[in-house]
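The values are calculated or read from the model by the stated rules, or taken from the named source; none is laboratory data. Treat the numbers as computed from the prediction; the structure is a model and nothing was measured. Methodologically, a virtual Cβ is constructed for each residue, glycine included, from the backbone with ideal geometry; neighbour enumeration extends over all protein chains shown. With ligands, DNA and RNA removed, areas are computed over all heavy atoms of the protein, side chains included. Shrake-Rupley method; radii C 1.70, N 1.55, O 1.52, S 1.80 Å.
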Amino acid sequence: MTKLQKHETKACCRCKTEFECKSGSVMLCQCQTIVLNAEQLDYINSLYDDCLCVSCLQVLRTKYNLQQYMRKLQKYSR
């Protein structure tokens, strides 16, 4: 039986900042501090295949939200 590693130092695949990933205790991981809806998560997953730091998750969530807002504005301004 393989023991899951509880903590791992990883580099954010976007900004290369090191952070502690707690994949063995995912509910305690730093990524759990940010709320992402399904669409935001799909957007981020389409860009990156590995873990991101909280700062990058926040930036990408904001970028996605802004893109969606701009699309709505364009739709209503026609």
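Tabulated data for the structure shown
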{"quantity": "Residue in segment 18-30 that is in a helix (DSSP H, G or I) and touching a Leu at 6+ places or on another chain (Cβ under 7 Å) present", "calculated": "yes"}
{"quantity": "Close pairs (9 angstrom Cβ cut-off, 6 or more residues apart or separate chains): in a loop (DSSP other than H, G, I, E, B) in segment 43-70, open to solvent by 90 Å² or more (accessible area, probe 1.4 Å) and of a type outside the set (Gly, Ala, Ser) anywhere", "calculated": "48/14; 52/14; 53/14; 53/18"}
{"quantity": "Residues being open to solvent by 80 Å² or more (accessible area, probe 1.4 Å), farther than 19 Å from residue 65 by Cβ and β-branched (Val, Ile, Thr) - total across segment 12-44", "calculated": "0"}
